[in-house]
Amino acid sequence: MPVGSASWSFTQDDFDAITQTLQRFLYDSNARCALLVDRTGQLVATVGEQPNFDPTAFATLTAADFSANDQLARLIGESDFSTLFHQGERESMYLADVARRVILVVLFDNRTTLGLVRLKMKLAVDELTKLFEAVFEREKEAQASRPNILAGADDEIDRLFQ
């Protein structure tokens, strides 16, 4: 089950690498904007043209959209849909799963094509997945090395009431 951003954090170096990957992707694909959203609906990063809508509300709706489509996938016998595409008259969105914990949302218009966005997005998703997996692994190692301050709390509470 995906876990939200509250269970992990990244350094400035991580953020710089993520941003650089997204900027390169936008340049190569000629897309307008890229947003990273965690599976709980928290906005992680925005790169490119600033959207003319509330990005926080958008992030929440994006996570809900991805979750609903995961359920639809299960109904038809798939484990999930790793990408989604929404086409509008002037604007389109392409969404992709990154490391099973983050969603990359790309907004693009007629300055580019779906084919180019898909091609370049696969490369960006692969790179971002490596970056995020390193972040998640580092967090797991840090949690394992921290002392459990609640260890023995149940026994202590039981002793108080005996």
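Worth a mention:
- Shown here for segment 31-106: chymotrypsin sites (Phe, Trp or Tyr not before Pro) in loop regions (DSSP other than H, G, I, E, B) with at most 13 other Cβ atoms within 10 Å, namely F53.
- In the chain the longest region clear of GluC sites (Glu not before Pro) that are loop-assigned by DSSP and have at most 14 other C-beta atoms within 10 Å covers 92-162.
- Computed about the Cα centre, the dipole magnitude for the chain is approximately 480 debye when only Lys and Arg (+1) and Asp and Glu (-1) carry charge, each at its Cβ.
- Solvent-accessible surface of the chain, taken per residue with a 1.4 Å probe and all protein chains present: 61 Å².
- Förster radius 30 Å - calculated FRET efficiency between A68 and D13 (Cβ-Cβ, nearest 0.05): 0.30
- Cα lying deepest toward the dipole's positive end in the chain, options F85, V44, L119, charges on Cβ: L119
- Loop-located trypsin sites (Lys or Arg not before Pro) in segment 1-104 (DSSP state not H, G, I, E or B) with no more than 11 neighbouring Cβ atoms inside 10 Å: R90.
- Take the Cα of D80, step 7 Å toward its Cβ, do the same at A57, and the gap between the two points is 2.7 nm.
The values are calculated or read from the model by the stated rules, or taken from the named source; none is laboratory data. No experiment lies behind these values; they were computed from the predicted model shown. Counting neighbours? That spans all protein chains shown, and the Cβs are built from the backbone with ideal geometry, glycine included. Just so you know, the surface numbers come from the protein's heavy atoms only, side chains and all, with ligands and any DNA or RNA stripped out. Shrake-Rupley method; radii C 1.70, N 1.55, O 1.52, S 1.80 Å.
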